[in-house]
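Read the structure below first, then the notes.
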Amino acid sequence: MGEAPQFFYVNAISKFGHETQQNHCNGHNHDSSWYEEIIDDDLKWSYKLNSVLHKGISEYQEIALLDTKRFGKALVIDGKMQSAETDEFIYHECLIHPPLLCHPNPKRVFIMGGGEGSTAREALKHNSIDKVVMCDIDQEVVSFCRKYLVVNKEAFSNKKLELVINDAKAELEKRKEKFDVIVGDLADPLEDGPCYQLYTKSFYEKILKPKLNDNGIFVTQAGPAGIFTHKEVFTSIYNTIKQVFKYVMVYSTHVPSFADTWGWVMASDQPLSIGAEEMDKRIGARIHDELHYLNGAWFHSSSIMNKTVTLSLQNETHVYTEENARFIPGHGVAHRF
């Protein structure tokens, strides 16, 4: 009989949690140590660990940086996988490049969240960009991502990047300038988490949209978009944004480390249609680094939902407000206080 597996939890209570963390942080490697993420009340997703690089609670959220065997270094916030070293390029290429390629000449980008630096890294690949503002509320997340995620070292040192530690709502409100693209690279809406108010109609309508230029584009990650999970927040985020912008489109793809299909919503008051050939031409002309996932044909296909998801999007009536929000399973830090 082998050693009984130890499970390490973030945002969960387990008699193994502190013991496993201490063993890893003291340099003891257990082949049977796993991180377990609670997907839902009846579903968990486990990652075999090499070590726990960092674990703590900041002012806003619970944070862990894990070294997993399958996905490399992984950032976990409030018990939810945010990004993994081996496949983060899928999520970040899908988030950034469609809006920048649909825009005729993007120069100024504002990123809400994005503390690990990968979203800024992708935006800075565009030759036309003059300025990227990355606004994350959590200094601790930014600091340890700068320390451990060396893949983004150049992005953090780029002179075009303005790094701001602040609440994105407050930062947008006080800025006089407008942007060509605003990006929502926020954590999923969690009950008692720091982000759900940045998914509301009032925020989009009164604060975000006025900070876009006339032909500006807004894009946000919109949570799980799988056949069984798309009604958690994806359809509601889409319907909320549809109340504010004239043209709204969704697209999705599978992200292995998320164990699901993931969704994004892109919106503007100008048409967003761009053909596959034109997108490929713009990639070649505008981007000075290689993309590993996105091309024109893929983007066209990614915007076509299956029958079930299409009907759910068409029939969704819920609109995010501060008083009537939807959440994915799990809780933010405040839930425990």
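Using 0.36 nm per residue, how much length does the chain from Glu173 to Ala276 gain when fully extended, once their Cα-Cα distance is taken away?
Length gained, Glu173 through Ala276: 33.5 nm.
Work out the P(r) tail for the chain: percent of alpha carbon pairs separated by more than 31 Å, whole number. Kindly include the intermediate steps, with their values, before the conclusion.
Working: 16675 of 56616 pairs.
Considering the chain, 29 percent of its Cα-Cα pairs are separated by more than 31 Å.
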Label-point separation (nm) for Lys159 and Ala285, each offset 7 Å from Cα along Cα-to-Cβ?
-> 2.7 nm
Got a sec? Charge dipole of the chain, +1 on Cβ for Lys and Arg, -1 for Asp and Glu; which of Ser51, Gly216, Val309 is way out at the positive end?
-> Gly216
Loop only per DSSP, at most 12 neighbouring Cβ atoms within 10 Å: give me the GluC sites (Glu not before Pro) in the stretch 265-316, ordered by residue number.
-> Glu290
Pop out the ³J(HN,Hα) list for the stretch 282-295 in order, Karplus 6.51 cos²θ - 1.76 cosθ + 1.60 with θ = phi - 60°, rounded to Hz; leave Gly and Pro as x.
-> 5, 4, x, 7, 9, 9, 9, 9, 6, 9, 9, 10, 8, 9
Helix 88-102 sits at what angle to the longest principal axis of the chain, using alpha carbons and giving 0 to 90 degrees rounded to 10?
-> 10 degrees
Which listed residue (Ala225, Val183, Ser236) has the Cα farthest towards the positive end of the charge dipole for the chain, taking +1 on Lys and Arg C-beta and -1 on Asp and Glu C-beta about the Cα centre?
-> Val183
Estimated dipole of the chain in Debye, rounded to 20 [Cβ of Lys and Arg +1, of Asp and Glu -1, Cα centre] | 920 debye
Please give the direction-averaged projected area of the C-alpha convex hull for the stretch 109-211, in square nanometres with one decimal.
-> 6.6 nm²
Of the listed pairs Lys153/Lys242; Lys147/Lys281; Lys153/Lys211; Lys125/Lys159; Lys211/Lys246; Lys48/Lys80, which have alpha-carbon separations greater than 25 Å here?
-> Lys153/Lys242; Lys147/Lys281; Lys153/Lys211
How much of the DSSP beta bridge set in the stretch 88-324 is antiparallel, as a percent to the nearest 5?
-> 45 percent
Of the convex hull enclosing the alpha-carbon atoms of the stretch 192-312, the direction-averaged projected area in nm² is 8.9 nm²
With no solvent term and unit scatterers on the alpha-carbon positions of the stretch 26-175, Debye gives log₁₀ I(q)/I(0) at q = 0.11, 0.16 Å⁻¹ of -0.47, -0.93
Computed Kirkwood radius, in angstrom, where 1/r is averaged over Cα pairs of the stretch 34-83 = 11.1 Å
P(r) for the stretch 100-152: what percent of alpha-carbon pairs falls in each 5 Å bin, starting at zero?
-> 4, 20, 27, 23, 14, 8, 3, 0
Once every DSSP H run of n ≥ 4 in the chain is given -39500 (n - 2.57) and the sum is divided by its residues, what mean residue ellipticity at 222 nm do you get, rounded to the nearest 500 deg cm²/dmol?
-> -7500 deg cm²/dmol
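A short reminder: the numbers here are calculations on the coordinates, not readings from a lab. This is a predicted model, so every value here is computed, not measured. Because the Cβ atoms are built from the backbone with ideal geometry, glycine has one as well, and the counts that use them run over all protein chains shown.
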